[in-house]
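The values are calculated or read from the model by the stated rules, or taken from the named source; none is laboratory data. Because the structure is predicted, anything quoted here is derived from the model rather than measured. Virtual Cβ from ideal backbone geometry, glycine too; neighbours counted across all protein chains shown.
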Amino acid sequence: MARLRSYAGLVVVPALSILLALLVASFLIILSALVGPEGKFNLALPLVAYWSLLEGALGSLRGIANMIVAATPLVLTGLAVGVGLKAGLFNIGATGQVLLGGFAAALVGERLAGAPPLIAIGGAVVAGILAGALAGFIPGFLKAFTGAHEVVTTIMLNALIQLIISGSVNDVFRAAGPTFARTASVGAAELTGLGETTLHLGVLLAFACVPFSYWLLWRTTLGFEIRAVGANPTAARYAGMSPRRMIMLTMSLCGAFAGMAGAIEILRLGYYPAVFGTSIGFDGITVALLGQAHPIGILFSGLLLGAMRAGAPLMQIEAHVPVEIIDVIQGVILIFLTAEVVVRRVFRLKAARVEAGELQTITRTYGEKVA
């Protein structure tokens, strides 16, 4: 019973954050209709919009499939942020890790374009995982041996990776045929839909990472060391653990998750365009915080945001509400999550037991020594 109350305490703030975000978005929806071309004041419009959103995501098998596909990269980038939070690390570099993973998958997929599909897909996905792990290892190494904060180094790497890849696709790896700059087709490595749905093999790979992460963090010695370093690096060092090694390993693991997300997204597309913009790296922050940095919570929060993405087109058609309102809802959710103390005080909620290395990781000050 005590454990159930503890879990309930952890769920309260995410649930309130979602409800408050929907209320804020409702006000904006009503206001947008009022100042729009028709100038109508319609209090029922938010209900129509949210019902259309729900219907678009869960009202048909196609909608459910689209929801799962949209949630796939979000779950992976959520793990890329959430696992890092368990180690006391705030990985904002998931965007760059996604891009590098997708680029590596595109290049390897091009080389294996004529191979059997399982070999081509497997090789391209492994290449994406390794490239993402490398992008995570670099800030992890800098954090471990120089004290450079991972927030600063990962933000810088995001821009650096994007510029390098864009230039490489334009000048080095550009395919000869298409009119716009992109790499060659990945051929047999392309992730096509199963049957008449949009579901693909990458969905299974991504969702398998959820139980793997849970097993790693709570059923292995390595996971215990990761959580111990996140809780107290000094105590972990005196217990014989190596915070430096754990930091590099954890950031590499986070990069691997994000690299897999990038590989799946690019293999779905079939090539890497020179201008490739994606927000799933930063969306992973919302997913991780909404899921309380727990793999199971990340799974459900990823599905929630995936449902919003999948249902948004029908909402725009039926309620005439632009799909950008989903970004607003997501941003407001993030604001309330990071303002957890304020939310608990306003609603007079008791403070929940939150492991060190989660929300505190985001709010702590810079300059802490690692070793």
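Side notes on the structure shown:
- Exclusive hit being at pLDDT below 95 and crowded, with 20+ Cβ neighbours inside 10 Å, set Gly9, Gly88: Gly88
- Residue count for region 237-271 satisfying the condition of being in contact with an Asp or Glu (Cβ under 7 Å, 6 or more places away or on another chain) and surrounded by fewer than 24 Cβ atoms within 10 Å (Cβ to Cβ): 2.
- Filter pass, Ala312 being within 25 Å of Ala124 (Cβ to Cβ) and outside any loop (DSSP other than H, G, I, E, B): no
- Residue identified as surrounded by 16 or more Cβ atoms within 10 Å (Cβ to Cβ) and either in contact (Cβ under 8 Å) with a residue 40 or more places away in the chain or within 29 Å of His149 (Cα to Cα) (or both) among Val203, Val275: Val203
- In the set (1) at pLDDT below 95; (2) within 30 Å of Gly195 (Cβ to Cβ); (3) under 13 Å from the mean Cα position of the chain (by Cα), the condition left unmet by Thr77 is number (1).
- Where Val210 falls short, out of the listed (1) within 21 Å of Ala135 (Cα to Cα); (2) modelled with pLDDT of 95 or more: (1)
- Filter result (more than 16 Å from the chain's Cα centre (by Cα) and either more than 16 Å from Leu85 (Cβ to Cβ) or among the charged types (D, E, K, R) (or both)) within region 203-223: Leu204, Pro211, Phe212, Trp215, Arg219, Thr220, Thr221, Leu222
- Only one of the listed residues (Gly147, Gly114, Gly109) is surrounded by fewer than 22 Cβ atoms within 10 Å (Cβ to Cβ), in contact with a helix residue (DSSP H, G or I) (Cβ under 7 Å, 6 or more places away or on another chain), farther than 18 Å from Phe257 by Cβ and not acidic (Asp, Glu). That residue is Gly114.
- Here Ile329 fits the description: over 30 Å from Ala231 (Cα atoms), assigned to a helix (DSSP H, G or I) and out of contact with any Ser or Thr (no Cβ under 8 Å at 6 or more places or on another chain).
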